[in-house]
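Worksheet: one structure, shown below.
The values are calculated or read from the model by the stated rules, or taken from the named source; none is laboratory data. Computed from a predicted model, the values in this text were never measured in an experiment. Here the Cβ is made from the backbone with ideal geometry for all residues, glycine too, and neighbour counts use every protein chain on show. These area figures cover heavy atoms from the full protein model, side chains too; ligands, DNA and RNA do not enter into them. Shrake-Rupley method; radii C 1.70, N 1.55, O 1.52, S 1.80 Å.
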Protein chains: 4
Amino acid sequence: MAKHAAGKQAGAEARAICETHLRNRGVALADLAELVLRLQCAFVPGLDAAECLESVEAVLAKREVCNALLTGIALDELAERGALPEPLLSTVRHDDPLYGIDEVLALSIVNIYGSIGFTNFGYLDKVKPGVVGGVDRGGHADGRCNTFLDDLIAAVVAAAASRIAHRHRDTLGEAAWMGPGTPVRHVDATSRAGPA
Amino acid sequence: MAKHAAGKQAGAEARAICETHLRNRGVALADLAELVLRLQCAFVPGLDAAECLESVEAVLAKREVCNALLTGIALDELAERGALPEPLLSTVRHDDPLYGIDEVLALSIVNIYGSIGFTNFGYLDKVKPGVVGGVDRGGHADGRCNTFLDDLIAAVVAAAASRIAHRHRDTLGEAAWMGPGTPVRHVDATSRAGPA
Amino acid sequence: MAKHAAGKQAGAEARAICETHLRNRGVALADLAELVLRLQCAFVPGLDAAECLESVEAVLAKREVCNALLTGIALDELAERGALPEPLLSTVRHDDPLYGIDEVLALSIVNIYGSIGFTNFGYLDKVKPGVVGGVDRGGHADGRCNTFLDDLIAAVVAAAASRIAHRHRDTLGEAAWMGPGTPVRHVDATSRAGPA
Amino acid sequence: MAKHAAGKQAGAEARAICETHLRNRGVALADLAELVLRLQCAFVPGLDAAECLESVEAVLAKREVCNALLTGIALDELAERGALPEPLLSTVRHDDPLYGIDEVLALSIVNIYGSIGFTNFGYLDKVKPGVVGGVDRGGHADGRCNTFLDDLIAAVVAAAASRIAHRHRDTLGEAAWMGPGTPVRHVDATSRAGPA
């Protein structure tokens, strides 16, 4: 259908722009996919890196995700070049933990796949595993600023994990999760820490 | 693909549950589609009721939308039967404008299609056109409570309008909106009041 | 108490920075207060411009509000100078209605006083009365960009209106709103369109 | 001033209602204060349990926080009594990780003190330390349901931690955090993991 094809093409362009901007800042989509796999592998039997990468790409194909990424990365780069006005420049440069606008942009990404992603986002932002930690530390090197970037990629990972959780449920069907014959304790134990 | 088909089926079930619950509360999907058409017809040439209905149905097929709807409608019905504890019962029954939780559930629906839907949601909730106003007034009749329902359907309409705005843009392509040859003034005038 | 005094001083500094930046973009706090009065005067007997101005000032004294304002205004000014990278530059310059990040920053302001402010925000952003419309139109003049500013000031007005609604309720007491002797119909009629 | 006193009284009543409902569900405010202390003690020299308790109480005095708590606890209790309609009853009873509405209510609490609280909320919801874990496990006992409660108390703790971070900054002054003479590396290291 024409409409569907047009949507696919617009999404592919958004994804390509995001991928380029992320690569320029040292982030490969495969790094993000690896974190998605780490978060979800215990809860989705047979999940592999390819499916995680596909989910990351689907998130980046969303217009609002792309806009949040481009805006945040632009602010990081403007801060590096000293091109923001004060006092905003100092706030962004020093990654002031009370700034809050980096989280605001990140949450707009997480929201796209529903509130279940907030838990994973918060966890990634606190513990900073893998590429999230690398980006955070890299932002404190001489002349570098990743104030927005670490939050934004944590949000993309959390959104991609939520997307997989929703799809996996669709495939299994509700019965497999909550049917009367299901050992509830077990389902809860697995699922709790899982998608959310 | 199996995964895609499973997602379609899960969505169809969610939509059917929502449709039933809305019908039981006096809301037809066609009423919602009519409001979507009213909001978007000036900005999407050739938009018709059928496309608006399809968009409403797509919104209701999302798991988180369905959960928000079922939770809000349950609270309205529990309030009608006096089955909530005080002081919550009085707050919900009187549609206390400082309650806030009705808006919180509504916003979780709007969020699914991005922040551009918030403007339409606020407008619908303030002006209360069509079925939104009917549901609001109906909630003040003897023994009736629609504290959540009017906000929830305004959110579904706003989300469906956002979805159409995004898809229409995809079809037109960015060039038609923002290309260097586009008469910017005109595009802005049209688009501003449009999707958002 | 030392802590309280320190908080007051930090707030006063944030407010002063916001006031300066808004004035530089042609927005006076009195213009914002006037819109707050217009929104709330029907619901708060005796409300005057001075109380509305005080509420606007209190909103601007919040750190996160100040950060959202400074970030959005910086992006508008960078767009005017052509100092953002493409495709972000075109998106911001043309106030693309599907951009969404202007609403995202605005919502972070509204949130500070709870979800009841979302309705007023959406209404202001759609109808664009007073200074909100002036700023929006001014942003389409040659070389000017107010993509963020119109949403941000609508959010400040909505937040200030919510703050007044909460405080007015505190003064009246719950009884005056929802007590068993209250004519419920009347309270609902008044309150509905009121704060939210 | 009359208005200030009225606000204080309304807040005290909201707090007392919350405290009672939490105690009925086995949660003491001191348990929440302990988690706040655990989160913030490394970043706020001299922080003690009394200040954390005061911050928890201030969060519970907010009307929207109180409304979110009462609504979520009511839904948990209705689920325990089988008084919700299906399929909502099964979803809430089994703490379905894709439900999402428990997180939606929790986020409305976190929002009150700005987006910096989201990281701590996500962390608490994932790792489930102290009383958050106790409540979560208790919700899986026979006939018990804490689907909302564990998220809600994690949100109260995260909000109280954000409030302390903001106040501590006010007292120290911006200079101590970001002044030109400040060893930036150290400030960043401390602050990063801190409030947010």
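Annotation for the range C:1-83: trypsin sites (Lys or Arg not before Pro) lying in DSSP loop with at most 14 further Cβ atoms inside 10 Å of their Cβ are C:R81.
Sorted shortest first, the distances from the C:G133 label point to those of the same residue in the other copies are 2.0, 5.6, 5.9 nm; each point sits 7 Å from Cα along Cα-to-Cβ.
Compute the relative contact order of chain C as a whole-number percentage, counting only Cα pairs closer than 8 Å that sit 6 or more residues apart in sequence. Don't jump to the answer; show the numbers that get you there.
Working: 236 pairs, mean separation 51.9, N = 196.
That works out to 26 percent.
Among residues of chain B, the one whose Cβ lies closest to the rotation axis carrying chain B onto chain C, together with that distance rounded to whole Å, is B:G122, 1. Shortest first, A:A42 label-point distances to identical copies amount to 2.1, 5.3, 5.4 nm, with the label point at 7 Å from Cα along Cα→Cβ. Taking square-rooted eigenvalues a ≥ b ≥ c of the alpha carbon gyration tensor, is the range A:109-162 rounded, prolate or oblate, where a/c under 1.5 means rounded and, failing that, a/b exceeding b/c means prolate? Since a/c reaches 1.5 and a/b is larger than b/c, the shape of the range A:109-162 is classed as prolate. When the square roots of the Cα gyration tensor eigenvalues are ordered a ≥ b ≥ c, the ratio a/c for the protein assembly as shown is under 1.5, which makes its shape rounded. For B:T20, the label point sits 7 Å beyond Cα toward Cβ; its separations from the matching points on the remaining copies run 3.8, 5.0, 6.3 nm, from shortest to longest. Residues in the range B:63-72 carry Karplus couplings, in order, of 4, 5, 4, 4, 4, 5, 4, 5, 5, x Hz; the curve used is 6.51 cos²θ - 1.76 cosθ + 1.60 with θ = phi - 60°, and Gly or Pro positions show x.
Each 10 Å bin from zero holds the following percent of Cα-Cα pairs in the range D:2-192: 9, 35, 32, 16, 6, 1, 0.
Chains A and D: what accessible area do they bury, summed, in square angstrom to the nearest 100, with a 1.4 Å probe? It comes to approximately 3600 Å² buried between A and D. Classify the range B:1-58 as rounded, prolate or oblate, taking a ≥ b ≥ c as the square roots of the eigenvalues of its Cα gyration tensor: rounded when a/c is under 1.5, otherwise prolate if a/b is larger than b/c and oblate if not. It comes out oblate by the Cα gyration axes.
Here the range D:2-192 has 56 percent of its accessible surface on carbon and sulfur atoms, given a 1.4 Å probe and all protein chains in place.
Could you do me a favour and compute the accessible area per residue for the range D:2-192, 1.4 Å probe, result in Å²? The partial results should precede the final answer.
Details: 6380 Å² over 191 residues.
Here the residues of the range D:2-192 average 33 Å² of exposed surface.
Shown in residue order for the range C:74-90 are the 3J(HN,Hα) couplings computed by the Karplus curve 6.51 cos²θ - 1.76 cosθ + 1.60 at θ = phi - 60°: 4, 5, 4, 5, 5, 5, 4, 8, x, 9, 9, x, 7, x, 4, 4, 5 Hz (x for Gly and Pro). Between A:E54 and B:A49, the simple label model (points 7 Å from Cα in the Cβ direction) yields a spacing of 4.0 nm.
Roughly what angle does helix A:184-193 make with the longest principal axis of chain A, taking Cα atoms, 0 to 90 degrees, to the nearest 10? Between the helix axis and the principal axis of chain A, the angle is about 10 degrees.
To test your reading of the geometry: what angle, between 0 and 90 degrees and rounded to tens, separates the Cα axis of helix B:117-127 from the longest principal axis of chain B? Rounded to the nearest ten degrees, it is 50.
The residues of the range A:135-149 occluded by other protein chains by 40 Å² or more of accessible area, set against the chain on its own, are A:H140; surface from heavy atoms, 1.4 Å probe. For the range C:67-108 versus the range D:1-31, the spacing of their alpha-carbon centroids is 41 Å. Against chain A, whose longest principal axis comes from its Cα atoms, helix A:49-60 is set at around 60 degrees.
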